[in-house]
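Enquirer: My questions will all concern the structure given below.
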């Protein structure tokens, strides 16, 4: 009898998946407050800046996505953005999604709606997603069923209570200096050259062109989607003889005492000269002097050379998540 009653309740209160633009920030705020607590617990990340931006877009009715509704309450959502001929899935969150099978089913339904919408959108030929809070494989099914490529990525962390374990000394021809707003164009050229033929350019096609790299820089420097850009702990590597930029490291503040490396790269012809070590040492040293407690970064698992460098310097893997790419 109790089972029949439970089935009847579920039937009367089905989960609905509705267009996110039907709702306001008042409807979505409790869920985003829950998500902000989850980011803090899992990633030591203050998500409140991103949450505020999402709520503004929701009120402006310009954020495409879907909400999961039960008993008139939003308990899950996913959103995406259009970037030219590409769609990017920005987020997926379901309350208690890691603990209940029902919530996992809702995650699958939300993703299926988002993927189908993007695939049916005129002019969209590529879809990208990196869902940092979801452990590898957890939400892979809707992507793999549609032929997406999956690239496992590592979220790595290092306490700043001790100095970086730098082994390689910096080449005498290279100097490290602080990031400047005048570095945009040169930095974009370095990123484009550094990622040519690289696995990360398969994951993020912005790396493939100078204009794309400039958009990437603009997004991480001027918008809080990946924390708040921290110019003080961001550095560039300059070749003394030619005065050319040959490497860079960019960092954001994702909590008042946590830094996150959003970009680190060195031109191929200047690798294995201690430049990457020096950039990371300058970044970590600056954060340590300012009483930051933790530094994090993400790296593609297949990029074994970078993974080895980070481990040697003292980073450990905190979680493994997936990047997905679908084309055609």
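Enquirer: At 25 °C and 0.890 mPa s, grab the translational diffusion coefficient of segment 2-147 from Stokes-Einstein with a Kirkwood Rh over Cα pairs, rounded to a whole number in µm² per second. Mind showing how you got there, number by number?
Expert: On the way: Rh = 16.0 Å.
Value of D from the Cα-based Kirkwood radius: 153 µm²/s.
Enquirer: Starting from the 7 Å offset along Cα-to-Cβ, what nm value, one decimal, do you get for the label separation of residue 186 and residue 81?
Expert: Distance between label points: 2.8 nm.
Enquirer: Here is a follow-up. What is the Cα centroid distance between segment 251-268 and segment 145-184, reported in whole angstrom?
Expert: The distance from the Cα centre of segment 251-268 to that of segment 145-184 comes to 7 Å.
Enquirer: Given 4 °C and 1.567 mPa s, compute D for segment 96-248 with the Stokes-Einstein relation, Rh being the Kirkwood radius over Cα pairs; round to the nearest whole µm²/s.
Expert: On the way: Rh = 18.9 Å.
Once the numbers are plugged in, D ends up at 68 µm²/s.
Enquirer: If you don't mind, another one. Taking other Cβ within 10 Å of each residue's Cβ, how do 226, 251 sort, fewest first? Walk me through the numbers before you get to the answer.
Expert: Numbers: 226 20, 251 29.
Ascending Cβ contact count within 10 Å gives the list 226, 251.
Enquirer: For 264, 157, which order do you get if you count the other beta carbons within 10 Å of each Cβ and list the fewest first? Before the final figure, lay out the partial values.
Expert: Values: 264 23, 157 19.
Lowest to highest Cβ neighbour count: 157, 264.
Enquirer: Over the alpha-carbon set of segment 157-322, divide Rg by the Kirkwood Rh and report the Rg/Rh ratio to two decimals.
Expert: Details: Rg = 14.7 Å, Rh = 16.0 Å.
Rounded to two decimals, Rg over Rh is 0.92.
Enquirer: Take the chain, compute every pairwise Cα distance, and split them into 20 Å bins from 0; I just need the percent in each bin.
Expert: Cα pair-distance distribution for the chain, in percent: 29, 55, 14, 1, 0.
Enquirer: Here is a follow-up. Cα axis of helix 210-222 to longest principal axis of the chain: angle in degrees, 0 to 90, nearest 10?
Expert: Tilt relative to the chain: about 70 degrees.
Enquirer: With a 10 Å Cβ neighbour count serving as the proxy for reagent exposure, in which order, fewest first, do 143, 155 appear? List each step's numbers first, then the result.
Expert: Values: 143 23, 155 20.
Final ranking by Cβ density, sparse to dense: 155, 143.
Enquirer: Take the alpha-carbon centre of segment 278-306, take the same for segment 10-51, and report the distance between them in whole Å.
Expert: 30
We did not get these values from a lab; they are worked out from the coordinates using the rules stated. Not measured: the values here are computed from a predicted model. No Cβ is skipped: glycine too gets one built from the backbone with ideal geometry, and neighbour counts run over all protein chains shown.
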